Structures are given as structure tokens and as C-alpha cells.
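Input: a single structure, listed below in C-alpha cells.
The values are calculated or read from the model by the stated rules, or taken from the named source; none is laboratory data. Computed from a predicted structure; not experimentally measured. Note: ideal-geometry Cβ built from the backbone for every residue, glycine included; neighbour counts use all protein chains shown. Heads up: the accessible areas ignore ligands, DNA and RNA and are worked out on the full protein's heavy atoms, side chains in. Shrake-Rupley method; radii C 1.70, N 1.55, O 1.52, S 1.80 Å.
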Amino acid sequence: MAFESLTDKLQNVFKKLRSKGRLTEEDVKIALKEVKMALLEADVNFRVVKQFTKSVQERAVGQDVMNGLNPGQMVIKIVNEELVNLMGSETTELPIKPGNDLTVLMMAGLQGAGKTTTAAKLAGKIKSKGKRPLLVACDVYRPAAITQLQVNGEKQGVEVFTMGDKQSPVDIAKAAIAHAKANQQNVVIIDTAGRLHIDEDMMQELADIKSNIEVDATILVVDAMTGQDAVNVAQTFTEKVGIDGVILTKMDGDTRGGAALSIKAVTGKPILYVGMGEKLSDLEQFYPERMASRILG
Ligand code: GDP
């Protein structure tokens, strides 16, 4: 992951602020204009940028800052805090039930976003926490997706439940849950079909699964490298299917960071994990504070 450009620009702004003993309102205004430009160039959603600079401005021209001993530092601190707020403040955990109670997770996303890979990565994480996951192949349109899940499941030492490509996703999901219960598996991870673009059939299929089985969390997988497209996809899924959180993949190749900084603010849904590479171990829990520190450099 490299927010280099954004980090460089913010550090330049901060350097200028630090070099001033006292700050005038005009100094703050100019600095925030530069922060705004840097965020826009990082492909952060423009409404998010507007709200962000407004919040920082309001706090930064307050009495405490302007009359403080070190106003430059205070402004930097405020930018940091507001960046953390933007990304959701706290880390959001998956709603995995305790003990042997069954948790059902449904993975959704466009084709190529990294859904199948991420399902297997997540299964590994969940297994390492002492749970017994079951991966379920519900992408009945691409036989290659079923094989891919089987190969990755085997690498993770996690069973993959499949019924080929002749049954409906709802029937497969139902059978998988019965299988999990019979085999003392306690986290069912359903890999659903993706399409190249958002379409009604895909949305309907996800809605059908949700209305026929009890899904504890719907996790949307989006590709960070697609920037604001990823944010738009997340917004559409939030409205049409209902999601509980997002996994942002390919952060290792994302040089700008716009999706990471916009998704929570635009959709209200938290980022749960970030994909940091193609290996099955390359999945990290998302910590807003750490991300803000990385951005600020
Ligand atoms: P799906 O169509 O959404 O199921 O996508 P796949 O799981 O098949 O992934 C599509 C491609 O993205 C594959 O080549 C994956 O190896 C790659 N991929 C998935 N996640 C990441 C990631 O976090 N970083 C990188 N660099 N590649 C990833």
C-alpha cells in the first residue's frame, strides 16, 4: 500500500504550519485548501472532502487552537483525528457467535474484485481463532470459481461444500448449513456469484439467499484500485441488498487511497479487513487509527 503522494502533500502542508509561531485564520484557510486538494487528488469522494475540511476548519479556528502554545501541532492533531473519524473510529469485528452456535457469512461482490480469494483468506483467519469454518461454493455460473474455491480451501485446510453448478444457490446454501450442523462446523462462509457489472439478477440472487436462510453478516468485497467505482458499488449494494461491512482488496496496489477514505463516510458501512496481496495470508484487520498514521506518514 502506498499513499505516498497524499502523505507527501500533507507533510508539506504540515511543515509550513509548524514553521509558523502563531496562526491566523487565513493561515488555517490556506492550509486546509491544500489538504482539500491533496484529498481530491487521492480520489476521495468530493462530498466527503467537503465535509472533512469543514469539520477541521470549525475545530481549527476555535479559541483553544488559535490561542494555544503550538497551533500548528494542534491543527495536525485535528486532521489526524478527523481522518480516523472518517474511517469509522473503531475496529469492527465480524459477528461470530460464541461456542458452537452457527454463524453464516455471505460474501458478495463484482467478478474480479477478489471475492473467492478473500473468502478463503477469511476462512483461514476464522480457523486460526479456533473456529471450524465451512466454505460454500454458490457461484453456479462459473465452474472455474468452484474449482478455485476448492484449491484455496484445501490450502487453508478448510472444507469446501459444493453441489456442482446444477442446483440453485439457495438450495446449495441450505444444504451447506445442514452439512455444517451435522459436522460440528460453526462458521459457514458462502461464496456467491459475481457479475462484471451490477445487475438485477445478481441483486435478486443475493436477496433470495438472504430471505431463505439466516445470514448473520453480508460482506461486500470491493477492489480498492477502482477508487470511486468501488465506493459506488458499495453504495448500490448497501441500498439494494443491505451489507454489514466491506473488505477492501488489492490495497497493496492502491497508490491513492480514495476508496479506503470514502467508503465508511459515504455508505455508513465499516471496512472490516483489507487485502494486501495475492497470498492467502495477505488479509489484515482494518484499524482506522493505524491507517490514518500510515497516511500521515
Ligand atoms: P472474484 O471474481 O471476485 O472471485 O475474484 P478472485 O478471487 O478470483 O480474484 C481476482 C484476482 O485478484 C486474482 O488474481 C486474485 O489473486 C487477485 N487478488 C485478490 N485479492 C487481492 C489482493 O488483496 N491483492 C492483490 N494484489 N491481488 C488480489
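Miscellaneous remarks
- Of the residues making up region 129-166, those that are part of a loop (DSSP other than H, G, I, E, B) and at negative phi are K129, K131, R132, C138, D139, V140, Y141, R142, V158, T162, K166.
- Within region 268-290, considering residues that are over 24 Å from A120 (Cβ atoms) and touching a residue at least 12 places away in the same chain (Cβ under 8 Å), the one nearest to the ligand (Cβ to nearest atom): P288
- Of the residues making up region 50-67, those that are assigned to a helix (DSSP H, G or I) and at pLDDT below 85 are Q63, D64, V65, M66.
- Residue within region 199-208 that is open to solvent by 80 Å² or more (accessible area, probe 1.4 Å) and within 12 Å of the ligand (Cβ to nearest atom) present: no
- Among (1) open to solvent by 80 Å² or more (accessible area, probe 1.4 Å); (2) in contact with a Pro (Cβ under 9 Å, 6 or more places away or on another chain); (3) farther than 30 Å from T218 by Cα - the single one E90 does not satisfy: (3)
- Every condition in (1) outside any strand (DSSP E or B); (2) more than 16 Å from the ligand (Cβ to nearest atom); (3) of a type outside the set (S, T, Y); (4) over 19 Å from the mean Cα position of the chain (by Cα) holds for L196 except the one numbered (2).
- Residue list for region 119-141, filter: surrounded by fewer than 22 Cβ atoms within 10 Å (Cβ to Cβ), within 16 Å of the ligand (Cβ to nearest atom) and of a type in the set (G, A, S): G124
- The residues listed here are V44, V84, V49; of these, the one that is under 16 Å from K264 (Cα atoms), touching a Gly at 6+ places or on another chain (Cβ under 9 Å) and either aliphatic (A, V, I, L, M) or open to solvent by 90 Å² or more (accessible area, probe 1.4 Å) (or both) is V44.
- In the set (1) within 15 Å of the ligand (Cβ to nearest atom); (2) touching a Leu at 6+ places or on another chain (Cβ under 7 Å); (3) among the polar types (S, T, N, Q), the condition left unmet by N186 is number (1).
- Filter result (open to solvent by 40 Å² or more (accessible area, probe 1.4 Å) and part of a helix (DSSP H, G or I)) within region 167-180: D171, K174, A178, H179
- Here L32 fulfils each of the conditions (1) at pLDDT 90 or above; (2) surrounded by fewer than 20 Cβ atoms within 10 Å (Cβ to Cβ) apart from (2).
- Residues of region 147-166 that are of a type in the set (A, V, I, L, M) and either within 17 Å of V221 (Cβ to Cβ) or loosely packed, with under 15 Cβ neighbours inside 10 Å (or both): L149, V151.
- Residue, farthest from M225 (Cα to Cα), within region 93-105, restricted to residues that are open to solvent by less than 10 Å² (accessible area, probe 1.4 Å) and more than 16 Å from the ligand (Cβ to nearest atom): T103
- Pairs with Cβ under 6 Å, 6+ apart, first in region 242-267 and of a type outside the set (D, E, K, R), second open to solvent by 20 Å² or more (accessible area, probe 1.4 Å) and in a strand (DSSP E or B): T249/D223
- The residue that is farthest from the ligand (Cβ to nearest atom), counting only those in region 106-118 that are buried (at least 24 other Cβ atoms within 10 Å of the Cβ) and of a type outside the set (G, A, S), is M106.
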